[in-house]
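K.L.:
I'd like to ask some things about the structure below.
Readers should treat all values here as calculations from the given coordinates under stated rules, not as data from a laboratory. Since we're looking at a predicted model, the values are computed, not measured. Note that we place each Cβ from the backbone using ideal geometry, even for glycine, and neighbour counts take in every protein chain shown.
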Amino acid sequence: MAWIVLVVSGMFEAVWAVALSASDGFTRLVPSLVFAGALVVSMGGLAYAMKTLPVGTSYAVWVGIGATLAVAYGMATGAETVSVLKVVLLLGIVGCVVGLKLVH
């Protein structure tokens with residue numbers, strides 16, 4: 001169960017990161033509220049997962065998922081450039097996250 005919560009928490013990390021950017025320095029209400037809600041869910045899930053999973057593994061998986069999804073979202077919306085090298089590097093992050101799960 002902790003792994004499922006951790007993965008979902010990582011997904012919410014990407015949500016709050018994107019919402020933080022869209023909040024324009026907390027000057028836009030809706031993105032600011034999305035940021036706050038997603039932050040609470042993301043951190044709460046990370047804290048829950050850390051009750052049973054090692055802190056280093058939990059944090060690396062959480063950040064890896066969040067960063068990968070944030071960049072993928074940026075690529076999908078045109079905010080980030082897409083290149084073969086970027087995609088390969090993102091796949092490397094995903095591979096490392098899966099590896100951390102497998103060696104746990």
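K.L.:
Based on Cα coordinates alone, diagonalise the gyration tensor for the chain, multiply each eigenvalue by 5, take square roots, and list the semi-axes in whole Å, largest first.
P.N.:
Numbers: eigenvalues 113, 83, 11 Å².
Working through the eigenvalues yields semi-axes of 24, 20, 7 Å.
K.L.:
Compactness ratio of the range 1-41: Cα Rg over 2.2 N^0.38 Å, N = residue count?
P.N.:
This ratio for the range 1-41 stands at 1.23.
K.L.:
Let me ask another. Taking the simple approach of a point 7 Å from Cα along Cα-to-Cβ for both VAL55 and ASP24, what is their distance in nm?
P.N.:
Result for the modelled spin labels: 3.9 nm.
K.L.:
Next question. Distance from the Cα centre of the range 1-17 to that of the range 65-97, in angstrom?
P.N.:
16
K.L.:
By counting other Cβ atoms within 10 Å of each Cβ, how are ILE4, ILE65 ranked from fewest to most? Walk me through the numbers on the way to the answer.
P.N.:
Working: ILE4 10, ILE65 22.
Ordered from fewest to most neighbouring Cβ atoms within 10 Å, ILE4, ILE65 come out as ILE4, ILE65.
K.L.:
Continuing with this model, one more query. Between the DSSP loop rule and a limit of at most 10 other Cβ atoms within 10 Å, which trypsin sites (Lys or Arg not before Pro) in the range 1-93 are left? Walk me through the numbers on the way to the answer.
P.N.:
Working: sites: ARG28, LYS51, LYS86; in loops: ARG28, LYS51.
Answer in residue order: LYS51.
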